[in-house]
Amino acid sequence: KNEVEQSPQNLTAQEGEFITINCSYSVGISALHWLQQHPGGGIVSLFMLSSGKKKHGRLIATINIQEKHSSLHITASHPRDSAVYICAVGVTSGSRLTFGEGTQLTVNP
Amino acid sequence: NAGVTQTPKFQVLKTGQSMTLQCAQDMNHEYMSWYRQDPGMGLRLIHYSVGAGITDQGEVPNGYNVSRSTTEDFPLRLLSAAPSQTSVYFCASTREVDRGYTFGSGTRLTVV
């Protein structure tokens with residue numbers, strides 16, 4: 001079983017829909033990261049959080065440390081949001097990230 | 001622009017050849033790491049470094065060497081390329097382990 005599990009693996013939405021991507025982890029963490037990988041391949045850091053909630057534009061990330069679960073929400077989705085969204089955790093036992101497999105999001109106009 | 005620079009972007013190697021993937025950052029980040037990304041799998045850690053002169057193995061270190069002689073550079077060496085090393089490689093850096101990471105643009109490597 002992977003230490004970081006994401007769901008769903010694939011998600012197709014219509015423009016304007018509210019989107020939720022989930023991430024569950026089974027290890028002790030110091031922080032959780034949400035990353036975005038565009039079709040061109042580059043990876044961009046969206047959020048890093050260790051508690052509560054963060055918001056940036058139409059993106060919202062939440063984390064529940066007790067339940068070992070995080071969600072990434074996209075409000076009013078747009079075709080330019082189409083990308084792979086990756087959850088990663090900073091493991092408390094070392095200086096490294098452990099990644100989920102990613103969620104492929106496609107937003108249709 | 002400040003960031004992580006990876007070279008080359010694409011490379012084709014023959015089995016048994018060696019090569020070095022370059023990674024440089026100009027943000028004075030202490031932590032640098034190399035990952036490989038394969039279809040159907042999350043990124044996996046190959047090697048990482050917590051500062052100049054210090055390196056350690058990640059999940060999949062076999063067949064790869066690293067060194068960290070300066071804060072800026074963290075090259076990844078493939079000693080004798082194998083088809084199983086066909087992958088996309090990413091270098092990343094961060095100031096501290098609990099800060100946001102900056103990723104390079106990736107190197108797509110094919111071993112034939």
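Nothing charged except the Cβ atoms of Lys and Arg (+1) and of Asp and Glu (-1): what's the magnitude of the dipole of the stretch A:1-93 about its Cα centre? Round to the nearest 20 debye.
240 debye
Just to compare against my own numbers: the Cα pair-distance distribution for the protein assembly as shown, 5 Å bins, whole % per bin, please.
Final binned percentages: 1, 7, 15, 19, 19, 16, 12, 7, 3, 1, 0.
Give me P(r) over chain A, computed from all C-alpha to C-alpha distances, binned every 10 Å, as integer percentages.
Reading the bins upward from 0: 16, 50, 29, 5, 0.
With unit charges on the beta carbon (Lys/Arg positive, Asp/Glu negative), name the residue among B:Ser80, B:Ser105, B:Ala92 whose Cα is farthest towards the positive pole of the charge dipole of the stretch B:72-112.
Among B:Ser80, B:Ser105, B:Ala92, the one farthest towards the positive end of the dipole of the stretch B:72-112 is B:Ser80.
What average count of beta carbons from other chains do you get within 10 Å of the Cβ of residues in B:35-45?
The mean count of partner-chain Cβ atoms within 10 Å per residue comes to 5.
Give the relative contact order (percent, whole number) for chain B; include only Cα pairs under 8 Å separated by 6+ residues.
36 percent
Describe numerically, in nm with one decimal, the distance between label points set 7 Å from Cα along Cα→Cβ at B:Asn65 and at A:Ile65.
Once both label points are built, they end up 4.3 nm from each other.
Restricting the count to DSSP beta bridges whose residues both fall in chain B, what percent are antiparallel, rounded to a multiple of 5?
Bridges in chain B that DSSP calls antiparallel: roughly 90 percent.
Using a 10 Å cut-off around each Cβ of peptide A:33-46, what is the average number of partner chain Cβ atoms that fall inside?
The per-residue average across the peptide is 4.
Semi-axes of the equivalent ellipsoid of the stretch B:1-57: what are they in whole Å, largest first, if each equals the square root of 5 times a C-alpha gyration tensor eigenvalue? Kindly include the intermediate steps, with their values, before the conclusion.
Working: eigenvalues 95, 47, 36 Å².
Square roots of five times the eigenvalues give 22, 15, 14 Å.
With each pseudo-label sitting 7 Å past Cα toward Cβ, what's the B:Ala52-A:Arg80 distance in nm, one decimal?
4.0 nm
Could you pull out the chymotrypsin sites (Phe, Trp or Tyr not before Pro) across the stretch A:1-63 that fall in loop regions by DSSP (anything but H, G, I, E, B) with no more than 16 other Cβ atoms inside 10 Å?
Values: sites: A:Phe18, A:Tyr25, A:Trp34, A:Phe47; in loops: A:Phe18.
The qualifying sites are A:Phe18.
Evaluate Rg over Rh across the stretch B:1-100, taking Cα atoms for both radii and Kirkwood's formula for Rh.
Details: Rg = 13.1 Å, Rh = 13.8 Å.
Across the stretch B:1-100, the Cα-based Rg/Rh ratio is 0.95.
Every number here is computed from the coordinates shown, using simple stated rules; none is lab data. Not measured: the values here are computed from a predicted model. All Cβ positions, even for glycine, are placed from backbone atoms using ideal geometry, and neighbour counts span all protein chains on display.
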